[in-house]
Amino acid sequence: MCYTGFEDLTAELPATVDLVFIGAFTEAAQLAYALSNQFRSRGAITVIGGPHARCYPQDAQLYFDYVLGFTDKSVVNAVLNDCAPHRPMGVYLSASGQPTSLPGVRERWKFIEPTLRKAPLIKMVPMLGSLGCPYHCSFCIDSVVPYQPLDFDVVKEDLTFLLTKFKRPLVAFHDPNFGVQFDSCMDAIEEAVPAGAVDFAAESSLSLLSEPHLIRMKRNGFKALLPGIESWYDMGEKSRTGRLRGIDKVLEVSAHVNMILKYVPYVQTNFVLGLDGDEGAEPFELTKRFVDLTPGAFPGYSLLSAFGQAAPLNLEYQRQGRVIPFPFHFLNNNGAMNLEPRNYSWSGFYQHVIDLTRYSFSRKAIFNRARATNALIPKWLNVVRAVSSEGYGRINYYTEIRRRLDADPQFRPFFEQLTTELPQFYVDRVRKDLGPMWDWLPEGALYHDANAYLKSEILPEMETREARLVV
Ligand code: SF4
């Protein structure tokens with residue numbers, strides 16, 4: 001079953017099962033914990049895999065019998081063969097790397113079809129052409145996963161299959177960084193389907209989006225691209241801006257994105273707010289300048305977040321004591337920034353974020369974006385996203401957080417790590433979002449050890465040292 005956030009879990013999930021696998025992002029962890037608790041109470045064995053299990057294995061072990069890191073068939077087989085309760089601490093299992101092949105769309109169709117039926121307007125089929133990434137952005141979970149293309153014959157078969165299901169399929173490539181082996185990938189698409197018979201969306205880095213590549217992508221039906229820019233002072237490698245910084249980088253990246261927009265109607269540019277390289281108002285002002293210079297691009301903002309042991313940089317953050325144990329439920333890059341900003345006070349930081357978000361989704365910016373977008377659906381999408389929870393919704397949410405930093409006596413001590421007592425505001429939100437599953441949330445599951453990664457690295461070292469001393 002694919003839970004999209006709207007289903008009635010109590011009605012849809014089977015009551016009696018022997019073994020339950022749950023795949024979850026960290027923002028769904030509390031729901032996953034509650035479900036595991038409910039299933040265990042009925043005698044089932046529970047397993048968690050996916051991003052949350054990779055980022056927070058120690059915490060997940062408290063609530064599941066098995067916690068899976070990299071998962072391939074041998075790991076799944078190991079679980080099936082053992083299939084026993086492991087409590088109070090679950091067993092952690094991991095393959096040495098990502099699987100070398102994954103089931104194609106035809107095999108996944110029985111899951112994809114009912115999920116797409118629930119999508120009201122845009123029915124996007126998720127596909128993968130590769131795993132991992134050759135770049136090393138230190139905050140990213142894929143920066144330590146070696147790049148590997150998946151079998152292009154499977155991609156071809158998937159596309160041919162989709163043409164039997166839709167008049168004009170829409171495929172979203174979920175590769176961490178699409179197009180690293182650009183020619184092989186385009187060859188596969190061109191061999192499988194006539195030019196333009198399928199619409200594509202992909203997340204890619206600017207360094208891969210040269211004009212000759214874009215010409216070929218346009219011919220092949222690419223309609224949406226999501227390049228990451230991240231910062232004006234960092235991450236030059238992936239945008240191929242090298243040592244360019246500040247306004248020079250803004251001008252270069254803006255010209256590049258405007259060129260992309262000549263070939264691809266929908267472009268979302270992604271930024272991370274609060275990176276250590278940023279200081280003062282300038283990074284935010286530069287992003288506003290970018291919004292003016294690149295009116296056709298939809299700006300996507302994420303608050304800097306450290307997802308457990310996702311990335312090596314997180315060890316450094318934990319060593320510096322900067323990670324705040326916001327409940328997992330809020331770790332979606334917007335609900336909370338779980339890192340003390342290096343160069344900003346909390347109030348100052350949120351003020352800048354509110355100001356930038358307001359600017360980016362002001363009437364003037366929405367109008368400019370609509371005017372700069374030619375195709376009808378991208379134009380409509382840009383407006384809807386701006387006036388919905390992504391634009392206006394976030395402005396309201398950040399404004400509320402900023403207000404509470406002054407008005408709510410529980411806020412600042414928690415943000416400044418003077419206490420681990422969670423402000424009631426956050427407890428109430430989790431309760432509301434979990435609905436009836438709140439009652440199944442295990443005791444203590446709103447809290448986690450924000451430094452578990454560091455401890456897992458340091459403790460074995462200390463034990464080895466102590467053992468040596470004893471010898
Ligand atoms: S280019 Fe993208 S996917 Fe690759 S390491 Fe950087 S952020 Fe991660």
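The values are calculated or read from the model by the stated rules, or taken from the named source; none is laboratory data. If you're wondering where the values come from, they're calculated on a predicted model, not measured in any experiment. Note that each Cβ is placed from the backbone with ideal geometry, even for glycine, and that neighbours are counted across all protein chains shown. Ligands, DNA and RNA are stripped out before the accessible areas are found, and what is left, the full protein with its side chains, is counted by its heavy atoms. Shrake-Rupley method; radii C 1.70, N 1.55, O 1.52, S 1.80 Å.
General remarks:
- Protection proxy ranking for 5-12, 372-379, 195-202, using the average of other Cβ atoms within 10 Å per residue and placing the highest first: 195-202, 372-379, 5-12.
- Gain in span if fully extended, Arg371 to Glu190, counting 0.36 nm per residue against the direct Cα distance: 61.9 nm
- Pairs of Cα atoms farther than 40 Å apart, the chain, %: 22
- Checking the Cα-Cα distances for Lys118/Lys156; Lys379/Lys432; Lys156/Lys249; Lys123/Lys262; Lys223/Lys364; Lys249/Lys432 against a 31 Å cut-off, the pairs over it are Lys379/Lys432; Lys156/Lys249; Lys249/Lys432.
- Residue by residue, region 135-141 carries 3J(HN,Hα) couplings of 8, 10, 5, 5, 8, 9, 5 Hz when phi is fed to the Karplus relation 6.51 cos²θ - 1.76 cosθ + 1.60 (θ = phi - 60°); x denotes Gly or Pro.
- Amide H contacts of Ser130 (H built 1.01 Å from N, under 5 Å, at least 5 apart or other chain): Leu150, Asp175
- Estimated [θ] at 222 nm from DSSP helical runs (n ≥ 4, -39500 (n - 2.57)) normalised by residues in the chain, nearest 500: -13000 deg cm²/dmol
- Relative contact order of the chain, pairs being alpha-carbon contacts under 8 Å that are 6 or more residues apart, as %: 13
- The chain: DSSP helices with Cα axial extent of at least 20 Å and average Kyte-Doolittle hydropathy no lower than 1.6: none
- With a Förster radius of 41 Å applied to the beta-carbon distance between Asn343 and Ile215, the computed FRET efficiency rounds to 0.50.
- Taking amide H atoms as placed 1.01 Å from N in the peptide plane, the amide H of Ile45 lies under 5 Å from those of Leu19, Val20, each 5 or more residues away in sequence or on another chain.
- Carbon plus sulfur fraction of accessible area for region 1-70, probe 1.4 Å, in percent: 57
- Those chymotrypsin sites (Phe, Trp or Tyr not before Pro) in region 232-332 that DSSP places in a loop and that have at most 15 other beta carbons within 10 Å: none
- For the pair Ser41 and Glu443, the difference between a 0.36 nm per residue extended length and the Cα-Cα distance amounts to 143.3 nm.
- Tensor-based shape of region 118-170 (alpha-carbon gyration tensor, a/c under 1.5 rounded, otherwise prolate or oblate): oblate
- Taking amide H atoms as placed 1.01 Å from N in the peptide plane, the amide H of Ala172 lies under 5 Å from those of Val125, Met127, Ala201, each 5 or more residues away in sequence or on another chain.
- Accessible area in square angstrom per residue, region 106-247, 1.4 angstrom probe: 47
- Of all accessible heavy-atom area on region 225-330, the percent that carbon and sulfur account for (1.4 Å): 50
- Order by protection proxy (mean Cβ within 10 Å, highest first), peptides 409-418, 110-119: 409-418, 110-119
- Applying 0.36 nm per residue to the separation of Ala281 and Asn77 and subtracting their alpha-carbon distance, the gain on full extension is 68.1 nm.
- Global form of region 326-370, assessed from the alpha-carbon gyration tensor, a/c cut-off 1.5: oblate
- Modelled spin-label separation between Leu13 and Arg87, with each label point placed 7 Å from Cα along the Cα-to-Cβ direction: 1.5 nm.
- Whether region 157-312 is rounded, prolate or oblate, judged on the alpha carbon gyration tensor where a/c under 1.5 counts as rounded: prolate
- In the full protein context, region 365-430 carries 53 Å² of accessible surface per residue, based on a 1.4 Å probe and ignoring ligands, DNA and RNA.
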